[in-house]
Structures are given as structure tokens and as C-alpha cells.
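Derivation of every value follows stated rules applied to the coordinates shown; laboratory data play no part. All of these numbers come straight from a predicted model, not from anything done at the bench. Every residue, glycine among them, receives a Cβ derived from its backbone with ideal geometry; neighbour counts consider all protein chains shown.
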């Protein structure tokens, strides 16, 4: 990174000054807000993820803030920005999405995925080795009856609860320690924290003045678009699914699949187009050149796959007649898994290089000692935080050793994960967030260490090992600081989130699971995607079993080296030519995605850059798009809430004996 860019980043430190006063904003509003989100928003978030693969996080955050704003206004009072931020924080935590399977709805979403995985064809060769603390075995009464209210689930629920507690202690203590080091001592700018903090408190303007702002108008427009599209995309399939044997969908969810129709002239190339308007909205928000890079990746993979097929000849992995999911998995085995691993290594190397360059270029600033945080911020003793992290790590090590006693080097590996590797990569990422606002990942550390350890079996793959990256939480604590919220408020909020989340998650996942098997035709996104995710997970697991032929076929070291060289070479070339280096990030990002999603994103990026930005002005359009997307998500979420309410009521009525 050039010296000029580094100096510009330093200006972000002054973009939003640290307030002089910090307020403990945890009060009855936070408690009522958490209950509202858990009881009203969580079921809609669950349903929206299963049906459309979308999170309701923005909808929950904005809807809750708007509702409480209106209640406060009619009570002749207003919400402070600290209270708004804490509501925003709680809403986001209660509706967070679980990885690539698009599951939200709290901790029990993990058990829903695990009950599917043990029943999936992908796990058929080793399902007997999957322990009962993951899920009951296929054919058990608990899975046949689709209920968590069974003693067969007690081992899995116990491990889940212990993991949730240890995870909260770990991320809070490590994230806080990294914040004290990178923000208080090193005075890093955290360029994205002011943006996030201002966005979280945007509606404080309307709460304080009672007047309408541009954010409210844009948000309302997005909400109406989301409601209109949500009726077609989510509402109609839900209503017809209640009344008919199979739901009726006007738009296929999640895409229109052309793979089988194009295989004659594009063999082994998955083709299609996503049908969700949300992808177009995402194209509005993402940086233009990242979207362009992703679209270029979609074109490259579409034409490279047939060339690879012709080069290697007919392969056992890909067969004519495959649809998108199985075609994509075949391509991952044949080439793309190894190439993406290499490309991810290139991204990690680039991130570390940027970190070193930025650190050299950054002007030295005033530093405070660890013992002198701002007065009234609600800090805890940093040595206590470190002690809590060590204690949580010891708890993780003991739990994992108990769950996987056959792992010969278990204690050494688990301790190394928690006490050496996790702090190291978390600190590197905290500095990356503090200097550039970017994330740097070290790919496949977990998978590589499992395989190289010589472990044989499957239990280790399901153990809650203490391997994580907590670097982003340093930026989150900086956001808390910038809003003037006491850190003790966050501690109380986390305790509240756990107390609300666990029973609400159990209650609503129990209801939704009883409505229909998950996945099934009632949940089209899950029906499409989960099989692919199960195949990917099983691919890694087979590497430590006797059936490791598929894994051996997928890992090609020459391709991995080639992927790394491609990433580094493309980055160097773009930098030398003065072109946007975000192209390479977009290109590498697109290689790991379905091309179907990248087409509407590219359309949205073009529409935003060459029409809306010219009409409203580039600066104004960039301010509008995040709020517009939040409003759209809110509208979709409201339809999702109505849909799940109708489905739950219908199920309750049909099960009554009179």
C-alpha cells in the first residue's frame, strides 16, 4: 500500500471522534427489544433462510429500532444513540446467519443442519461413526418424529450449550484485549468503524428531531420493494404450500437452472440465473470492481470447465444429466477446490504484505498505556480478560479431549489451536481491520492440521475445537466506543442474548421442523443447497477415513501452486498497471460462487453505476444503497414473518383433534 493511501487511512481516526461521555444503555428497552426480536423476528428469520437463503438481520435491526423510535416519540421522549446502538447490536446477534447453509434462528440451527447431515447420502459411508453428541442416528425416534423433545438429543444439546458459553467468553475476552492493544495502544485508525457506527445510529436523528430524514424515505422505498417482491417470492409459495400438496412458485427458488439444456455445447459447466431481486440489490452495494471481477470469474469458469473436460477426456466425476449442484461438486473435485485453496493462499499472502507495508507507511501516533483507558468507558482489567480467555480455552481443550479421547495428540493440538494459533491470526486480522478495514484468512488450517496429524476417524471433525479468528471483534469494540456506549452494556447484552436465544431457538425450530422435513419442497433454498454443502463437508471427512479416494482425487498440488501463482501474479500486474486491485479480490471471490448469483449482481452494479449514480450523483447513491438494501431486507423479512405465522397457525389447526 502506498504512503499516500496509508495517510488517508489515518484520517478515519478523526472521522468520528470518541465521545467524552459513555452511557450504560442497558435498560428495560433492551430487554423488551430482545424479547420482541426473539419472539417475533426469529421465526421469520428461520423461515426466510430456509425458503430464500436470506438473512433477516437488517430487517430485525431496522424494524426494531423504528418501532422503538415510534413508541418513544409517542411517549414524548427520544432514544439516545447508545440505546439505539444496543438495540441494533442485540437484533443483529439474535438473527445472525450460520455460514453457507443460510441458517439463522439461534444455536439450534446447528442441530437442524446436523440432523440433515447424518441422514444425507453424502454421509452414508461413515454415518455409523458419527457420535451421538452430534445427532441421533438415522432411524431414531427423535429424527423420525422430528422433535428435539427427546432424551436422544440430550448429548448434542449439552455440547451445544457448553460450546455457546465458551464461545461467548472467548470472543469477548480476546476481542476486548485486541481492541485495547490495537486501538488504545497502537492508535490504529479502524477506517470502517466510523461508517458502521454512524449507520447503526442513523435513526437517532429522527428520534431526536421528530422530522423525516432522507434515510427514512430511502428505507421506506426499499421496504415497499421488498414487500412487493416478497409476496411473489416467499408469500405465494407459503400460502399455496399450506393449502396444496406442493407449493406453487412463480419464480423458481433460488434460480432457473439451464445446466442440463446447455451441456451439449458446454459440458460440465453449471449455467442458470438467480431469481432473487436481493442479488441485484447486493450489486448496488458492493464495490463496482469487485462485482466486475466476480462476473469475469463466472464467465471464465463457464468456459474453462468444458475445456478441462475436453483436455482430460470423459471423467467419472461429471456425468451428463447432472444439474447445477452435482455438476458444481464434480468440478470442485476435478479442479476448482485445489485452485481455490491456492487462490486463498494468495489472498492471505497479499493481506500480510499489505499489513507490513501499511505499518511501515503509517505515521507514528501518540500511544496510551494499557492501564489508561478513557475514563467512564466501562473497561475491565485486561489481565482479567486474558485470564478469562485462557480459562475458556482450557474449557475447550477439556471438552474436546472428552469428546475425542482417541486423538493421540489431542491435548497438544487443542492447546496449540487455542493458545497459539487463534491469538496469532486474531491479532493479524485485528491489525488488518485497524489499518485497512480488510480481512485476511489463512485457508484450510483446520483441515490440513487434522489430516497431517495422522488422525483416523470422523469424531474430530465435529468437535468444537478452539480454532477461531476474533480479529473483527476489535473493530466491533471500536464501534461501541464511538457510539459512547459503555462496554459493560455489551456484557449485559450478551448475557441477555444467550438467555433469550436458547429457549426461543428451541421453541421455533421445534415448530418449523414439525411443519415439514428439513429440507423438503416446503423449503426450496435448503432443498437445493444443502446437498451440495453436505457433499463438500463429507469430502474433507473422508480424508481421515478408510474411504479417502475422493479426497485424494480432489487435492492436486500442482493446481494449488498454480492458483497461488495466479493470485499473486494478477495482483502484481494490476498494481503495476495502476488498475483497481479489487478486481482480483472479486475474481477470486467469484470462483467460489455459483455463476447464477453473479449475473444479477453484475446487472445491479451496471444499473447503479451508469444510471442511478448519474441521476442522483455518485456520492449520494453510495449513501442510499446500504439503506435501500436494509429496507428491502426489512420488507422481505416482514413477508417472511407473516408467512411463518400463517404456516404455524395452519399447522396448529390441522393437528387439533376436533
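What the table below lists for this structure:
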quantity: Extension gain (nm, one decimal) between residue 391 and residue 137, 0.36 nm per residue minus Cα-Cα; calculated: 88.1 nm
quantity: Rough spin-label spacing in nm, given labels placed 7 Å along Cα→Cβ, for residue 220 and residue 406; calculated: 6.3
quantity: Full-extension gain in nm, residue 307 to residue 645, via 0.36 nm per residue minus C-alpha separation; calculated: 116.7 nm
quantity: Peptides 218-231, 334-347, 81-94 ordered by average Cβ neighbours within 10 Å, highest first; calculated: 81-94, 334-347, 218-231
quantity: Ranked by how many other beta carbons lie within 10 Å on average, peptides 417-423, 458-464, 406-412 from highest; calculated: 458-464, 417-423, 406-412
quantity: Nearest-0.05 FRET efficiency for residue 71 and residue 516, computed from C-beta distance (R0 45 Å); calculated: 0.80
